[in-house]
Amino acid sequence: MKGTECPFCALPEGRLVDGDRLVVTIRDLYQVSPGHTLVIPRRHFSSFFDATIEETAAIHDALHCARIAIDEELHPDGYNIGVNVGEAAGQTVMHLHVHLIPRFTGDMEDPRGGIRHCVHGKGYYDAK
């Protein structure tokens, strides 16, 4: 990874949980739940939509491997997978990274709606 202004381009090897020539996997420093993991392309670009087909496949494979490791270690009851694209969507580090967030029964009073809660007050709906 090159560059020094981007925290994901200058990751020390000790932070890496896994990786290959296209992506690295790390544990988030500001975890929202135990095991919160990031999958990050080695190439510096900000938008999920700028990933090549090969990078997208590598991200998918890394998410799968991370999920297996987290399952074995923590036995979560579910997962959220999320990507913030652009400042309006909450992206603060302008290097693509995909969040894999383990979820545990009871970690929220009512988790219905999941990632729909990224827009306050809009997450709940009556699914019939």
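Throughout, read-outs are computed from the coordinates displayed, never taken from laboratory work. A quick note: this is a predicted structure, and the numbers were derived from the prediction, not measured. Positions of Cβ are generated from backbone atoms using ideal geometry, with glycine treated the same way; all protein chains shown enter the neighbour counts.
The charge dipole of the stretch 1-65, taken about the Cα centre with unit charges on the Cβ atoms of Lys, Arg (+1) and Asp, Glu (-1), comes to about 160 debye, rounded to the nearest 20. Only Lys, Arg, Asp and Glu carry charge here, each on its Cβ (+1 for the first two, -1 for the last two); on that basis the chain has a dipole of about 280 debye about its Cα centre. What you get for the stretch 65-128, charging only the Cβ of Lys and Arg (+1) and of Asp and Glu (-1), is a dipole of about 320 debye around the Cα centre.
Here's the picture: charge each Lys and Arg Cβ at +1 and each Asp and Glu Cβ at -1 in the chain, and of VAL23, CYS9, GLY86 the one pushed furthest to the positive end of that dipole is GLY86. By other beta-carbon atoms within 10 Å, ranking PHE104, PHE49, PHE8 with the fewest at the front produces PHE49, PHE104, PHE8. Considering only ASP110, ASP71, ASP20, the mean-square fluctuation computed in a Gaussian network model of the chain, springs between alpha carbons under 10 angstrom, is largest for ASP110.
Derived from the Cα gyration tensor, the three semi-axes of the equivalent ellipsoid of the chain are 26, 18, 13 Å, largest first.
Annotation: cysteines of the chain without a disulfide-compatible partner (Cβ-Cβ under 4.7 angstrom) are CYS65, CYS118. Angle check, please: helix 53-74 long axis (alpha carbons) against the longest principal axis of the chain (alpha carbons), in degrees 0 to 90, nearest 10. With rounding to tens, the tilt is 60 degrees.
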